[in-house]
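The values are calculated or read from the model by the stated rules, or taken from the named source; none is laboratory data. Remember, it's a predicted structure, so these values are computed and weren't measured experimentally. Neighbour counts are summed over all protein chains in view; Cβ atoms, including those assigned to glycine, are modelled from backbone coordinates with ideal geometry. When the accessible area is computed, the model is the full protein with side chains, heavy atoms only, and any ligands, DNA or RNA have been set aside. Shrake-Rupley method; radii C 1.70, N 1.55, O 1.52, S 1.80 Å.
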Amino acid sequence: MKLKSIKNLDLKGKLVILRIDINTEIINGKVQDNPRFFEHAKTIKFLKGKKARVVILAHQGSPNGHDFTSLEQHSKILGKYVKIKFVNDIIGKKAINSIQNLKNGEALLLDNVRFLKEEFNPSIDNKLINILSEKADYFVQDAFSICHRNQTSVVSFPKILPSYIGLVMENELKNIDKLKSKTKNALFILGGTKTKDLLLLLKNKTLSSGMFSLLCLMAKGYNLGKEKEILKNDIKYISVIKKYIENIITPVDLAVSVNGKRKNISVLDLPSKYPIYDIGDKTIELYKKEIAKSKAIFFKGAAGRIEEKGFELGTKELLKSISKSKGFSLIAGGSSASAIGRFKINKKGFSYISLSGGALVHYLAGEKLPGLEALKINL
């Protein structure tokens, strides 16, 4: 079902509420730039060019999280790519005055929408909805990456305002749907440290790496020794992994850290007294052969500790191999996208680099996303 795009709308003088996702890494209190800022700036420019008055909603972190903070720094990063205003308020007098003073072709970023408890109470009868929608003409959802969240700024506006998808959202859906249509012949390369979401994709042919591969090895009966302690929160997922183990290719060797140096050991030599930081060299070559013969590839999560010298090898080699592949390739956002930049791999070698993580996995697994379902109300 095709959602309605903003491309052919007459927006002159119209007040548009735009939801974007500029949630990003924060290091030592400093908000980090990432591709989301640049991409969402395209939608903001488009709306400004159409002479709309744009009110931007976004979030950073979650309440009580270490990265839960104001969007003031974000506004400066976004401002490098498109001219915007910022107000450190959301639905108070400062915000309302700033919205009322917006001229045609101007954009205003409000502060972290998750500062409001109303964001976590999705309803059409709360202050966030009542105050912001009162003067608004349209709602535009530009963040596929948050569409798996059942939150007010994601699901409630479409229930009372004519709603559309932005340029980023449209591009995400187009490319993710391409992979979805090829799922039966696709190779899923799954790694990183967030195992729970990956379980949704195990019906597909899978190359396991990262912490996920250690759980898969345990599911096959290997003794991980000390590493079990690191995996203790995820051991409960082994029963699910066992159900799909025939679909999963596991490492034949692993890279351990011996006094900070990379050393390969066979999985037959497990358990190891040394910490496991990456997939091994033979596994890299085995996985590269699988990549070369695949017609469609999905990559999510690092193969090892890419921040440790010598243990970025697995992630780097797999991504380089995918970039040379003739198959359709989709890279999940976040750390994978950052790694491509860090390793100076030509982005043009990949069919599409998504800005999404969790939402992307849920969508590929065939689940209904609350944010998408809400937009269908308008059709």
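Some observations on this one:
- Residue within region 318-333 that is touching a Leu at 6+ places or on another chain (Cβ under 7 Å) and among the charged types (D, E, K, R) present: no
- Residue that is nearest to residue 47 (Cα to Cα) [pool: residues in region 102-126 that are at pLDDT below 95 and either open to solvent by 50 Å² or more (accessible area, probe 1.4 Å) or of a type in the set (A, V, I, L, M, F, W, C) (or both)]: 124
- The residues on offer are 76, 94, 80, and the sole one that is among the basic types (Lys, Arg), part of a helix (DSSP H, G or I), under 25 Å from the mean Cα position of the chain (by Cα) and surrounded by fewer than 18 Cβ atoms within 10 Å (Cβ to Cβ) is 76.
- Residue ID - nearest to residue 363 (Cα to Cα), chosen from residues in region 130-155 that are among the polar types (S, T, N, Q), touching a residue at least 24 places away in the same chain (Cβ under 8 Å) and not in a loop (DSSP other than H, G, I, E, B): 145
- Any hit, region 119-129, residues being among the charged types (D, E, K, R), closer than 25 Å to residue 36 by Cβ and touching a residue at least 12 places away in the same chain (Cβ under 8 Å): yes
- Pairs, first more than 13 Å from residue 251 (Cα to Cα) and assigned to a loop (DSSP other than H, G, I, E, B) in region 265-292, second open to solvent by 60 Å² or more (accessible area, probe 1.4 Å) and among the basic types (Lys, Arg), C-beta under 8 Å, six or more apart: 271/226; 273/226; 274/263; 275/226
- Residue within region 175-196 that is acidic (Asp, Glu) and touching a residue at least 24 places away in the same chain (Cβ under 8 Å) present: no
- Single match in 284, 306, 297 (criterion: open to solvent by less than 10 Å² (accessible area, probe 1.4 Å), more than 22 Å from residue 223 (Cα to Cα) and of a type outside the set (Phe, Trp, Tyr)): 297
- Just one of the listed residues (338, 329) is over 24 Å from residue 164 (Cα atoms) and surrounded by fewer than 21 Cβ atoms within 10 Å (Cβ to Cβ), namely 338.
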